[in-house]
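Read through the structure below, which is laid out as structure tokens, and then see the notes.
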Amino acid sequence: MDYQTALSFALPIAVSIAAIGSGLGLGRAVGSAMEAMGRQPEAAGKIQTGMIIGAAFIEALTIYALVGLLLLMGKIG
Amino acid sequence: MRIEANFVSRTLRTTGLVALLSLAFGSFYYGFKPTLSVFTGIVWGMINLYFLSLLVRSSLRPEGADKASALIFLFIKFPLLYLSGYFLMTNDYFDPLLLVIGFTVSLLIIVLKAAGRALLKLDYFEENDKKESLRSA
């Protein structure tokens, strides 16, 4: 198997793993934030801010994976 | 670390300032084209963070979601921003690596702001000030 074939197998798998990981992380973050807001509605603003920052970091990882895919896609075929 | 409600807007302001400074100095030292790639990445990251904060604040709140604005922000953030990101990445004019570096700047500023607060012990001093004012009152 040449490296182009390996790349064409590996790229979708890698992006899928990144998407699944960030989806799980985001789901956990939102779930915990909703739970915390339910317990302390007066602290909702601070909880939302923390969640936004966490979500931005998690989302960035998926975007990096997507950029990696776009950069390496040019090397296939 | 305590995160205030206006942390995101302060981060966006600082990122905008960094973007303008990098555009001015970068175009002088590295040329206009690579600097424009970094600048576009920074602006894309800022818009992404801004709409993410709007989406979270309109959809996840104790009094229930504001469905109309949440739908608008959802429509802007995911399809439009990702589509524009895809076109930026696949465009030959912009270097994808420099775009990603620009996109990371807003995240780097968040980390630096948090690290600065932790290193300068600002939260500790604010907490002590609050205790002092409570004691004197």
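Throughout, read-outs are computed from the coordinates displayed, never taken from laboratory work. In this text the structure is predicted, and so the values were computed from the model without any measurement. Glycine gets a Cβ as well: all are built from the backbone with ideal geometry, and neighbour counts include every protein chain shown.
For this structure, a couple of remarks:
- Residue mean of other protein chain beta carbons inside 10 Å, A:37-49: 4
- Only Lys, Arg (+1) and Asp, Glu (-1) charged, at Cβ; chain A dipole about Cα centre in debye: 60
- Inter-chain shielding of B:53-60 (mean C-beta neighbours from other protein chains, 10 Å cut-off): 4
- Sites matching trypsin sites (Lys or Arg not before Pro) across the stretch B:80-137 that sit in DSSP coil, with at most 13 neighbouring C-beta atoms within 10 Å: B:121
- Signed unit charges on C-beta, dipole axis of the protein assembly as shown, positive-most listed residue B:19, B:101, B:115: B:115
- Restriction of the chymotrypsin sites (Phe, Trp or Tyr not before Pro) in the stretch B:3-33 to DSSP coil positions whose beta-carbon has at most 14 other beta-carbons within 10 angstrom yields B:30.
- GluC sites (Glu not before Pro), loop per DSSP, at most 15 other Cβ atoms within 10 Å - longest free stretch of chain B: B:64-137
- Under a Gaussian network description of chain A, with springs only between Cα atoms under 10 Å, the residue in A:65, A:43, A:19 that fluctuates furthest is A:43.
- Shielding by other protein chains, A:51-58, mean Cβ within 10 Å: 6
- Rg/Rh for chain A, where both radii come from Cα atoms and Rh is the Kirkwood radius: 1.23
- Filtered trypsin sites (Lys or Arg not before Pro), chain A: DSSP coil and at most 13 other beta carbons within 10 Å: A:75
- Test item: Cα-centred dipole of the protein assembly as shown, Lys/Arg +1 and Asp/Glu -1 on Cβ, debye: 340
- Among the listed pairs A:75/B:113; B:77/B:130; B:67/B:113; A:75/B:33, those beyond 28 Å (Cα-Cα): A:75/B:113; B:77/B:130; B:67/B:113
- Each Lys and Arg adds +1 at its Cβ and each Asp and Glu adds -1 at its Cβ; summed about the Cα centre, the stretch B:50-111 shows a dipole of about 260 debye.
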